């Protein structure tokens, strides 16, 4: 099971479903490229930002969250279908192979902002960076 799955925030793994939900609910998409079992900055981003109440509360009302995970340990291995879907997302949005890479998109998939590496800010400051894309919120 992926590290993201046990969290309170609802992280989607199907980008198509996420985009449909974002369009239906008029929310932004936050796409996270992670290496959940090997990438220390990815784990730090999850624990110190994504798992925090300030982020989760904001995300529940304003974002559709998508996780494209690239685990290395066999016990965390994804299905072939999920692996191919994540690779397709990486080919489109993360050609440089950055981990972690977090991308904010509008409901149609247009990239608005990206954070490469650990953002190095509090969950509240991270939310404020997203909120700069008013008047959507």
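Here's the yes/no breakdown for (1) surrounded by 14 or more Cβ atoms within 10 Å (Cβ to Cβ); (2) free of Cβ contacts under 8 Å to residues at least 60 places away in the same chain:
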position	(1), (2)
38	yes, yes
51	yes, yes
59	yes, yes
65	yes, yes
78	yes, no
84	no, yes
89	yes, no
97	no, yes
127	yes, no
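Could you tell me whether residue 61 is in a strand (DSSP E or B) and under 14 Å from residue 9 (Cβ atoms)?
In short, no.
Check the stretch 83-97 and report whether any residue there is farther than 13 Å from residue 30 by Cα, at pLDDT 95 or above, assigned to a loop (DSSP other than H, G, I, E, B) and touching a strand residue (DSSP E or B) at 6+ places or on another chain (Cβ under 7 Å).
Checking the stretch 83-97: at least one residue is farther than 13 Å from residue 30 by Cα, at pLDDT 95 or above, assigned to a loop (DSSP other than H, G, I, E, B) and touching a strand residue (DSSP E or B) at 6+ places or on another chain (Cβ under 7 Å).
When you go through 133, 58, 126 one by one, which is the residue that is at pLDDT below 95 and closer than 14 Å to residue 30 by Cα?
It is 133.
Condition first: surrounded by fewer than 16 Cβ atoms within 10 Å (Cβ to Cβ) and either under 18 Å from residue 48 (Cα atoms) or in contact (Cβ under 8 Å) with a residue 12 or more places away in the chain (or both). Now tell me which residues in the stretch 99-125 satisfy that.
Across the stretch 99-125, the qualifying residues are 108, 111, 112, 113, 114, 116, 117, 120, 121, 122, 124, 125.
The values are calculated or read from the model by the stated rules, or taken from the named source; none is laboratory data. None of these values were measured; they are calculated from a predicted model. Cβ: placed from backbone, ideal geometry, glycine included. Neighbour counts: every protein chain shown.
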